[in-house]
1. Per the helix-only calculation at 222 nm, which mean residue ellipticity applies to the protein assembly as shown, given -39500 (n - 2.57) for every DSSP H run of n ≥ 4 and division by its residues, nearest 500 deg cm²/dmol?
2. Could you tell me which of A:Y117, A:P279, B:G137 has its Cα farthest along the dipole of the protein assembly as shown towards the positive end, charges placed at Cβ (Lys, Arg +1; Asp, Glu -1), taken about the Cα centre?
3. Take B:T104 and A:K215, extend 7 Å from each Cα along the Cα→Cβ direction, and tell me the distance between the two endpoints in nm.
4. Rounded, prolate or oblate: pick one for segment B:36-126, where a ≥ b ≥ c are the square roots of the eigenvalues of its C-alpha gyration tensor, a/c under 1.5 means rounded, and failing that, prolate if a/b is larger than b/c, else oblate.
5. Give me the accessible area per residue for the protein assembly as shown, probe 1.4 Å, as a whole number in Å².
6. Which of the residues in segment A:105-141 lose at least 20 Å² of accessible area when you go from the chain alone to all protein chains together (probe 1.4 Å)?
7. Using the charge dipole of segment A:167-342 (Lys, Arg: +1 at Cβ; Asp, Glu: -1 at Cβ; taken about the Cα centre), state which of A:G221, A:G318, A:S181 has its Cα farthest towards the positive end.
8. Which percent of the accessible area of segment A:167-342 is formed by carbon and sulfur heavy atoms (probe 1.4 angstrom)?
Amino acid sequence: MNERMLADLFNHLETVVMERLDDGSFRLVGCVPNWFKRFYPEAVSRKEGLRLQDNSPFLENFCIDAESFWVGKGAGRLKSGTFIEMDPLGDEYAMEASALCSREKKILLIELLGTAYEDRKAVLQKARENVLFREYLEEEVCRRTAKIRLREEEIALRLVWATESRDKDTGAHIRRIGLYSEALAKALGWEPQQADDIRIAASMHDIGKIGIPDKILSKAGKLTSEEFEIMKKHTEIGAKILEGSDIPLLQMAKEIALGHHEKWDGSGYPRGLTGKAIPESARIVAIGDVYDALVHSRIYKPAKPEANALVTMTHGNGKHFDPKIFECFLRILPTFRIIRQEFHGTETMLYLERPQMTLFRRP
Amino acid sequence: MIKKKICMLGAFAVGKTSLVKRFVKGIFSDKYLSSVGVKIDKKKVIIEQQEVDLLLWDIHGEDEFQKVQRSYLRGSSGYFLVVDGARRATLNTAFTLQKRTEETIGKVPFVLIFNKWDLKDEWEIDDKTMDDLSKDGLMVVKTSAKSGQGVEEAFLTLTREILEA
Ligand SMILES: Nc1nc2c(ncn2[C@@H]2O[C@H](COP(=O)(O)OP(=O)(O)OP(=O)(O)O)[C@@H](O)[C@H]2O)c(=O)[nH]1
Ligand SMILES: [Fe+2]
Ligand SMILES: [Fe+2]
Ligand SMILES: [Mg+2]
């Protein structure tokens, strides 16, 4: 095959073949396809080599790699990857350059990609649109789930508040207990889903008070021991209301209702459980409930300053409270204070704000 | 005349091509035409009476189908990391690319762009995250290739930084 035939062949393949000269310019081998003339009109007439690098920053960059490939007498082809050039009329052409060594000669090919490129582009385009659509759907599911959760939470809080409105506990108390418990759960390393659940479940801890007669529930003075025995029943009544559900949130709520008056040393009620036999959720709520009761006034007692409340509670560490959770409580006390400040009112406060978008950080 | 090469890096569909189009030609299109391959645009800017020719390398988006070749990064005086404010995963891609770029060409100035500012209501990346990033010493610019907001600022900020480097 002579050189002309070869060049003809390359023309068919829409490829320009060039030899790299010692002065760094390129000599065309064979005839020049029309598309190439749009970029290098001088290519035909010119006797000396073309300086491709001066016109195309992409080729200029590729020539650096090509150079080391030629010098190293690399085998096969070094490909540049696809690049797009615009002709003077503004039409775009996708090309790929490759370097190869042939009989001691440094050869550069520039190939017009044409339909193969268009096909590849169409496939990639579709693939990316699909990924975008999938991302969008996932986002949408998250958004809607968050909305449903918010509604669930508001419904739960309103009902809990309704059952407790005979008690002097306020909606704000219910809200705070949930938030304290969530904060503790997170600090203890619970999964976000579980921490979310306890925020709602904790608010139901005293739901069993619905079954306690008014005269006991609203009594201003100290309860007699018979009255106190009846009052204790709110734990079991609450558990009855909540038990037997498949919903994890309600299962947790049941544990809490039943166990939030248990004490670490076994002196609590209704079952006198000790230590880890008390569900962790109930141990968490016990701390938040006592803290909140101490620092706020109730009909039967005035509020204590926080410092005094902490002294009282520290006496209960290891007796009333799980020491590990208590330590955690002390560590995140600033969070408890923020919650108190934000939900200090005695009004119901059941309208929920959209929860803060969870922040994400650099990995 | 000074020539400076700037690479547009980021996940696909974050708006790299749109930012270049807006900056160079002043146009925008809503239609998504994913880039396959590298396209280089030129734009002259004047900074403090100094003319600078910017070579803007619009590189295809990084994803499982196409990786950004390291040799494309060579000779860059600076680069943009473009993030779509409404797709938080694109921030992670930006940091992956940042790391790879720094490994390849060393430390050169870069600007982190949060694009699609006009869709702010749908953004997943909140102000605090962005503020934290600027507090970490990163240059952060919010842009909209659609409205043009912040685009000029982003390019001029990076160019200025490059001239000072
Ligand atoms: N609303 C809005 N849309 C934008 C903005 N910037 C880009 N888009 C749209 O986002 C889509 C992707 O934009 P491109 O510029 O093609 O993104 P790219 O980063 O070059 O994408 P690849 O080339 O695939 O990597 C297109 O539909 C654009 O119209 C913006 O600021 N606002
Ligand atoms: Fe109780
Ligand atoms: Fe309570
Ligand atoms: Mg693009």
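The values are calculated or read from the model by the stated rules, or taken from the named source; none is laboratory data. In this text, all values refer to a predicted model and were calculated from it rather than measured experimentally. Here Cβ is always computed from backbone atoms with ideal geometry, including for glycine, and neighbour counts include all displayed protein chains. Quick note on the areas: whole protein, heavy atoms, side chains included, nothing else; ligands and nucleic acids left out. Shrake-Rupley method; radii C 1.70, N 1.55, O 1.52, S 1.80 Å.
1. On the way: 19 runs with 243 residues, N = 528.
Rounded to the nearest 500, the figure is -14500 deg cm²/dmol.
2. Working it through, the farthest residue towards the positive pole turns out to be A:P279.
3. Going by the 7 Å Cα→Cβ label model, 8.4 nm.
4. Details: a/c = 1.81, a/b = 1.24, b/c = 1.46.
Judged from the Cα gyration tensor, segment B:36-126 comes out oblate (a/c at least 1.5, b/c at or above a/b).
5. 51 Å²
6. With the partner chains in place, segment A:105-141 has these residues losing at least 20 Å²: A:Y117, A:R120, A:K121, A:L124, A:Q125, A:A127, A:R128, A:V131, A:L132, A:E135, A:E139.
7. Positive-end residue among those listed: A:G221.
8. Details: 4520 of 8040 Å².
Using a 1.4 Å probe with all protein chains present, segment A:167-342 comes out at 56 percent carbon and sulfur.
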